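> This structure is in structure tokens; I'll ask about it shortly.
Any read-out appearing in this document is the output of simple, stated calculations on the displayed coordinates, not a laboratory observation. Predicted model, so just to flag it, every value in this text is computed and none were measured. Here the Cβ positions follow ideal geometry from the backbone for every residue, glycine too, while neighbour counts run over all protein chains shown.
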Amino acid sequence: MLNLNSIGSNTQTINIHIISSLGSGRRSFKDRFIKNTFSFETNKSYCNNEDYKNILIDNCEYKITLDFHLLLHRNMIIVDRYFKSDSGVLVLVDLTSTKVFEVLENIFSAINRICDKGAYVCVVGTKADLVELRKITSEEVLEFIKKFEVSYVECSSLTGFGVNECILFMARSIIKKY
């Protein structure tokens, strides 16, 4: 049985929490998914606490909500509630940063404290289009996250590559589970 919030006669809500560090492209990721746009503005640190988009998945309508949380430093995350097992967690990491593994360690330390064990978690490598600036390979990330037993995808908010697919992958995983 799908344990998601009903918001209408045929629409259900799927909550996806997005945890990221500064510079990971969370605002661009949100804008690409919600509005299908990309802005080159440099001051993009602010995200609305919750944004949503209605989409069809397998002929059913779902309201996909994106709830943003920022990793401040070490394992401190701004969070106003416990993440339940019927939601998903996307962990955005900047593939052009040398601190990816440090960020992942800190985020997973926090996730273990604030998430139900059943919450679905996926690491998302952002800025995949910046091949010449990339500091971390897909293979390195995959090897590192084995110990966390989570999924991994890559995307580019600039080109749109993988953003919608990432959300759909997460939504389908949650639907399948419930």
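> Between T98 and N10, what is 0.36 nm times their sequence separation minus the Cα-Cα distance? Round to one decimal in nm.
Working it through step by step, the gained length comes to 27.2 nm.
> I need the GluC sites (Glu not before Pro) found in segment 136-178, filtered to DSSP loop residues with at most 15 other beta carbons within 10 Å of theirs.
Working: sites: E139, E140, E143, E149, E154, E165; in loops: E149.
In loop regions of segment 136-178 (DSSP not H, G, I, E or B), the sparsely surrounded GluC sites (Glu not before Pro) are E149.
> Next question. Compactness ratio of segment 87-178: Cα Rg over 2.2 N^0.38 Å, N = residue count?
Values: Rg = 13.1 Å, N = 92, 2.2 N^0.38 = 12.3 Å.
Taking N as the residue count of segment 87-178, the ratio is 1.07.
> Subtract the Cα-Cα distance of D116 and F161 from 0.36 nm times their separation in residues, and report this length gain in nm to one decimal.
Details: separation 45, 0.36 × 45 = 16.20 nm, distance 3.02 nm.
Working it through step by step, the gained length comes to 13.2 nm.
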